[in-house]
Each structure stands twice: as C-alpha cells, then as structure tokens.
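First comes the structure, then the notes that go with it.
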Amino acid sequence: MIWYNKVEENGGGIGVFSVELRDIIEKFQLINLTPEISFEHIKITHSDINRPALQLAGFYDYFDSERVQVIGKVEHTYLSKMEVSFRNQVLEALFCFKIPCLILCRELDPFPEMLFYARKNGVPILQSAETTSSFMAELIRWLRVELAPRISVHGVLVDIYGEGILIMGESGIGKSETALELIKRGHRLVADDVVEIKRVSAQTLLGSSPEVIRHFIELRGIGIIDVKELFGVESVKDQQTIDLVIKLELWDPSKEYDRLGLNEEYMEILGNRVVCHSLPIRPGRNLAIIAESAAINHRQKQMGYNAAQELNDRVMGNIQKKRNQRKN
C-alpha cells in the first residue's frame, strides 16, 4: 500500500522566475560584440534554447522568440553561402522577433548584416569559445536549475552519508536539536528552519537555505549558533538533493505506527514523490541515530535490497515449509 502526503505550494510560492542576461554573460564568460546595446533590462524566462535552423530557411511556425538563440558552425556556414541580399532578408526577419540575444559559438564572427539588424532592434550579440553542443548542454542545465519552480517549507535539511534528509514537524518538536546531533556525528547541515526547494527535473528536488540564514541554527534556550564557525567548513553544504523526508510527531498511543516498513509512504513536493517516514517522538529516543539508519536503509532500497521484504520472504518461506511438512 502507498500513502500520499502533499506539501502545499505556499511560502515562496510558485511563480514565473527569470535570469538576467548579465548573469549568463558573467557565468559563461561571453564576449559582448555589441557593447553599445544595453542588456540590463533583458531577462530570460525559458530554460530551453533554440538553434535557428529552420528559421534561417524562412520557417517561423511555432518559433519561440523568447528563448536564447544560439548559432553554431552549421548555421554560420549556411548563412555564409547565401547571397548578400537574401542573407539580409533572412537576418532582418530573425531580429524583427525581438529575440533576447544571439550567441555565436566557436568564436565565430558575426556578419555585417547581423550587427546592423542587431543594433537596429536592440538585440545583443554574444560570443563563446565553446563548441555549440557542449555550450548548449551546460547552458540548459544551468537555466533549468535557476528557473526551476520552487517553494519554501518549514524544516531542516541535512546531508547524511550523501543522502538528503528533510526533517519536518511542528515548531519545538526537536528538528534543530536532531540536526545539531547529526552535525556532531560528522554529517552536514544544508538548511535550518526554512528550506528552499527547487524542482529541477521530474526526479530531482534540490534544497538550499536562504542566504540570510545560511549556516545558522536556532536552539531554544541557547539562541543562534553559526555551524560553519563552530564546527568547521566541512560541517555545512550549500545545496543538496532531497532523497527522503522524516516527519517528527508526538507519540499518539491511539495511532497505529508502521513497524515493518512494507507499506511505502510518500510526500508530494512540487509534483515529485519523495519517500516519507513518520517518526513518533518519545523521551529517550535518539533521533540522530534513527535518522542515520533511515538514510542508510533508504540507500539500501535504492540499491535493490529491502530488509523488510527480505524478512517477509523468510517468514512466508518458513510458513510454506511447515505446510509442506504437514502434508508429508
């Protein structure tokens, strides 16, 4: 049986995010071939990019002009073999769409007509030394992270043996204290109190801390501590994939808790399913060790070994064996 929970899209909420063109230029060390054109106002809202191949042949159906446009050796060679008058028409049509920018890979030089229509329409032309395929792949990967849908949730995110564990629960239940014990045991803090989650793909959720409170933990009765300064740089991490959710809740004697782990429970975050364990809190329970065990057990399951299923198979096999002996 599979149980579902859902994190509501509140806090930061889901909206339309953007990346400034200036950030792309700085990140990928692009050369600006049109310094006279201002690009401070240009923002990118699409993670996909386009190589205008069909567009250079005059086909503009379904052309998404809001994407970054990239020209490689194939497109540049195609343009170079055109007659000047026809190339003028082709480039005029392309730049009339007010594309955010045009990037030339392999240090290809722009055509004079390209510079003319770029200046006329206020479209920056940039240049990269990278090969077209590698540049596109890296730019798409980076844009998908920067433009990913995101929410903010109340919880603690810790890296335990490489597994991203999101610890959730009501205020004062012991999330920060559990994280502190895990840090002392050699694990790394990603975020305390507020966790910003990005959905970078259908399988991957990336968690991080708001910059203002990064590396800080609040302990009731003590106050704020700086984990990085107190335990060293090896005790913190800026971001981590979320692989498992642990929900801390007060022990309820009337509630039935799963003791075998055969029934998987999931929490839905931004449309992605994440395995979720509910841990009842009672005096004397060492939550840090339980969280470590949960992380290791989750990794074992990912590698194909399920301890609960193994025990169940042994029990069922033993029952079947006794039945066969009775028949004989």
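222 nm [θ] for the chain, helices only, -39500 (n - 2.57) per DSSP H run of 4+, per residue, to 500?
Value at 222 nm, helices only: -10000 deg cm²/dmol.
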Checklist outcome for this item: Which of GLY223, GLY271, GLY155 fluctuates most in a GNM of the chain (C-alpha springs under 10 Å)? That residue is GLY223
Item to check | Assigned charges on the beta-carbon of Lys, Arg, Asp, Glu; the range 199-261 dipole about Cα centre (debye) | outcome: 100
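Quick one: with all protein chains in place, what share of the accessible area of the chain is carbon or sulfur, to the nearest percent (1.4 Å probe)?
Here carbon and sulfur together make up 50 percent of the probe-accessible area.
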Checklist entry - Looking only at the range 163-192, which residues have a backbone nitrogen under 19 Å from a spot 7 Å from the Cα of ASN286 in the C-beta direction? => result 174-188
Checklist entry - If amide H atoms are built 1.01 Å from N in the plane of the peptide, which residues on other chains or at least 5 residues away come under 5 Å of the amide H of ARG214? => result none
Next on the checklist: Could you derive backbone 3J(HN,Hα) for the range 120-135 from the dihedral phi with the Karplus parameters 6.51, -1.76 and 1.60 (θ = phi - 60°), listing whole Hz in sequence and x where the residue is Gly or Pro?
Outcome noted: 5, 9, x, 9, x, 10, 10, 9, 10, 7, 6, 5, 4, 5, 5, 5
Item to check | Percent of Cα-Cα distances greater than 33 Å, calculated over the chain | outcome: 47
Checklist outcome for this item: Filtering chymotrypsin sites (Phe, Trp or Tyr not before Pro) in the range 213-306 by DSSP loop and by at most 15 other Cβ atoms within 10 Å leaves TRP251, TYR257, TYR305
Item to check | Long-range HN-HN contacts of HIS277 with modeled amide H, under 5 Å | outcome: VAL245, ILE246, LYS247
Checklist entry - If one computes the Cα centroid of the range 209-281 and of the range 147-194, what distance in Å separates the two points? => result 4
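Accessible area per residue for the chain in Å², computed with a 1.4 Å probe and the full protein assembly in place, what is it? Mind showing how you got there, number by number?
Numbers: 18280 Å² over 328 residues.
Ligands and nucleic acids excluded, the result is 56 Å² per residue.
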Checklist entry - Counting Lys and Arg as +1 and Asp and Glu as -1, what is the net charge of the other residues whose Cβ lies under 11 Å from the Cβ of LYS27? => result -4
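The values are calculated or read from the model by the stated rules, or taken from the named source; none is laboratory data. Just so you know, these numbers come straight off a predicted model, no measurement behind them. Neighbour counts are summed over all protein chains in view; Cβ atoms, including those assigned to glycine, are modelled from backbone coordinates with ideal geometry. Remember, those area values only see protein heavy atoms, side chains included, never the ligands or the DNA or RNA. Shrake-Rupley method; radii C 1.70, N 1.55, O 1.52, S 1.80 Å.
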